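Report on the following structure.
The values are calculated or read from the model by the stated rules, or taken from the named source; none is laboratory data. Given the structure is predicted, the values throughout are model-derived calculations rather than measurements. Neighbour counts are summed over all protein chains in view; Cβ atoms, including those assigned to glycine, are modelled from backbone coordinates with ideal geometry. All accessible areas refer to the heavy atoms of the entire protein, side chains included, with ligands and DNA or RNA removed. Shrake-Rupley method; radii C 1.70, N 1.55, O 1.52, S 1.80 Å.
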Amino acid sequence: MYKKYPSVLLIYTGGTIGMIENQETGALENFDFDKLAQHVPELKKFKYRISSYQFDPPIDSSDMEPPLWSKLVRIIKYNYDYYDGFVILHGTDTMSYTASALSFMLENLGKPVILTGSQLPIGKLRTDGKENLLTAIEIAAAKDKDDMPVVPEVCIFFDSHLMRGNRTTKMNAENFNAFHSFNYPVLARAGVHIKYNTSQIRRPDLSKPFHPHYVFDTNVVVITLFPGLQENILSALLNVPGLKAVVLKTYGSGNAPQKEWLMRLLKEATSRGIIVVNITQCQAGTVEMKRYETGLQLIDAGVISGHDSTPESAITKLMFLLGHGLSYDEVRRKMNISLTGEITE
Ligand code: ASP
């Protein structure tokens, strides 16, 4: 009887996982997917149909940009009906931004899109790349007893943990546990078995078709509050021509200093139609602007809550919503609701 093997498309963008040391300079440089695959002979042991697409040239993820997110979406769209799942090999530095952006762009996604990479190149003896890659492929191909994908979400798999992509932050440049999902439970843990946290995994609305999006508006900025921030500097930033939205990283549960000029500048900005979203500088926890006087005054200034959003998710969501030409009120409304599980409402 004809047996349909699971199928996975590997999209290789670059990053440490596929890098090799330049003998002369000692710096890490990209090499192509075929060479990468040579270092993982285990790939052939999967009873899966595995195809690959590679960025030419592969890039360090510091060079990742919104047009390349659109390119990834295009690749997934063209191949959507032909594969059970997708694995994106990506540098770790901006992986959480890409995962967040894709989670918004791939509306009503019904298949796994798993990003992974590594801290050590795949050619190194102690590389973490092999385990990350092999398990990511297994997760991308996994189906439940009804033959439905187990994780139809954009995720990051790293160091044995499967996390919702738009909840992750790169938090370690040294250890193998490079990513953490501070405000949402992990979706799976890979040990002897891969144990899925099924109740935390999103299900697509099967009555709606998969709908890819491609547009962004990058007239945005992230501003971090710090003791000593000057009025003239903040004023210059908020008055940059073309600016449409700001992610404001405040203290603790969403607090800002009680300075007259700060509130005035923010109020002027929001009155001019600039969206200001309040997220916390803390890695874990949520913004509660009604908790302290220092937060309440931000509400008066027209600042909206970013809830427990990561910075990566808040900024990519703003770019995504603004890219669709939504009105000021509509962007503010959508920032307050979860589109793909990026915030806890
Ligand atoms: N600089 C690399 C990148 O993000 C680091 C990595 O892959 O871990 O592409």
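All conditions but one from (1) within 16 Å of the ligand (Cβ to nearest atom); (2) open to solvent by 20 Å² or more (accessible area, probe 1.4 Å); (3) not β-branched (V, I, T) apply to A37; the one that does not is (1).
Hey, can you tell me all the residues within segment 174-189 that are open to solvent by 20 Å² or more (accessible area, probe 1.4 Å) and touching a residue at least 40 places away in the same chain (Cβ under 8 Å)? Selection gives E174, N175, F176, H180, F182, N183, Y184. For segment 42-90, what are the residues that are hydrophobic (A, V, I, L, M, F, W, C) and more than 16 Å from the ligand (Cβ to nearest atom)? Those that are hydrophobic (A, V, I, L, M, F, W, C) and more than 16 Å from the ligand (Cβ to nearest atom): L43, F46, I50, V73, I75, I76, F86. Which residue, of I114, I122, is of a type in the set (V, I, T), surrounded by 23 or more Cβ atoms within 10 Å (Cβ to Cβ) and in contact with a His (Cβ under 8 Å, 6 or more places away or on another chain)? Residue meeting the stated conditions: I122. When N132, N166 are screened for being closer than 18 Å to E42 by Cα, open to solvent by less than 10 Å² (accessible area, probe 1.4 Å) and of a type in the set (S, T, N, Q), only N132 passes.
Within segment 323-345, residues that are within 13 Å of H213 (Cβ to Cβ) sit with their Cβ atoms under 9 Å from residues that are open to solvent by 60 Å² or more (accessible area, probe 1.4 Å) and in a helix (DSSP H, G or I), at 6+ positions apart or across chains, in these pairs: L326/R333. For segment 135-155, the tally of residues that are assigned to a helix (DSSP H, G or I) and either open to solvent by less than 70 Å² (accessible area, probe 1.4 Å) or in contact with a helix residue (DSSP H, G or I) (Cβ under 7 Å, 6 or more places away or on another chain) (or both) stands at 6. Restricting segment 44-57 to residues that are in contact with a Leu (Cβ under 9 Å, 6 or more places away or on another chain) and within 25 Å of S100 (Cβ to Cβ) leaves a set whose member that is most open to solvent (accessible area, probe 1.4 Å) is Y53.
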